[in-house]
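In what follows, a single structure is set out as structure tokens and then discussed.
The values are calculated or read from the model by the stated rules, or taken from the named source; none is laboratory data. On a predicted model such as this, the values are computed, not experimentally measured, just so you know. Note that each Cβ is placed from the backbone with ideal geometry, even for glycine, and that neighbours are counted across all protein chains shown.
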Amino acid sequence: MRGKYAVCIQKFCGCVCGVLYPRRCPVCMEIVTPRGALIHAECKKKLRYICEPSCKRCGRQLAYMEKEYCGECRKREFHYMRGYAVWQYEENIRRSLSGFKYHSRKEFADFYAAEAVRLYAGRIRQEDPEVLVPVPVHRARRAGRGFNQAQILAQGIGRLMGIPVDAACLLRTKQTMRLKDLGRRERAKMLKGAFAVNPAKKVDYHSVMLVDDIYTTGSTADACAAVLRRAGVEKVTVLCMAIGTSVN
């Protein structure tokens, strides 16, 4: 009986919150209609989804079928094996992710996670990760923001896929300046020594999928993958919501 009461209370609280704080569209930021939807149908059409051909390493959109890798991935090696991305990082998704991350629109993560699973559930199962590991943020930045956006994304995807999330596996040990305006080499230099395996955790995974919101040069994801590989993880893959363009 207690379980039934708990479910009833949870549903009631959800209805009350839905009335007091109606869901906003992650693109236009207006109240979503019809009720229960995660995004306006017309707004969803404004997002540029990754489609084939895409880079066989990082998942970027490619312009030509005859090329298997983007210009960025042809230049360098990575510690992770394969990356997947939902959208091209253009203006509409940029504003959406900014609202999610900097203006606490955490409900947007429901749409992001649902779309990631809709597009990549089969591939995620093929990769067979034992856990999803969100890219960590420094404790000072988390304190200021109130949450780690990658962790919320990982938890949403994990619930839909039935995959556990290990948010304590990695630590961000060095606070860096914002990396969005830096090039690949500058990012790699700034991120050197920025991540570490949590000394209080035993990392004995064979396969891990990293989750993050944005992938630009790949420096952050690869720095995390390098730390995991050194800790004994054999296979690291990456799933992000949006990925930048590259010279093909």
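Filter the stretch 98-142 down to the residues that are among the hydrophobic types (A, V, I, L, M, F, W, C) and more than 23 Å from residue 24 (Cβ to Cβ), then identify the one that is nearest to the chain's Cα centre (by Cα). The residue in question is 135.
Within the stretch 50-68, not a single residue is among the polar types (S, T, N, Q), closer than 12 Å to residue 240 by Cα, surrounded by 17 or more Cβ atoms within 10 Å (Cβ to Cβ) and at pLDDT 95 or above. Checking each residue in the stretch 190-248 for being in contact with a Cys (Cβ under 7 Å, 6 or more places away or on another chain) and assigned to a loop (DSSP other than H, G, I, E, B) picks out 198, 201, 203, 218, 246, 248.
A residue that is part of a helix (DSSP H, G or I) and touching a helix residue (DSSP H, G or I) at 6+ places or on another chain (Cβ under 8 Å) occurs somewhere in the stretch 68-78.
Which one is surrounded by the most Cβ atoms within 10 Å (Cβ to Cβ), of the residues in the stretch 107-138 that are within 25 Å of residue 44 (Cα to Cα) and of a type in the set (Val, Ile, Thr)? Going through the qualifying residues, I end up with 124. When residue 24 is evaluated against the numbered criteria (1) out of contact with any Phe, Trp or Tyr (no Cβ under 9 Å at 6 or more places or on another chain); (2) of a type in the set (D, E, K, R); (3) modelled with pLDDT of 50 or more, which criterion, by number, is the only one it fails? Answer for residue 24: the failing condition is (1).
Close Cβ contacts (under 8 Å, 6 or more residues apart or on different chains) running from residues in the stretch 23-34 that are under 12 Å from residue 99 (Cα atoms) to residues that are acidic (Asp, Glu) comprise 24/30; 24/107. Within the stretch 223-232, being surrounded by fewer than 23 Cβ atoms within 10 Å (Cβ to Cβ) and in contact with a Phe, Trp or Tyr (Cβ under 6 Å, 6 or more places away or on another chain) holds for 223, 227.
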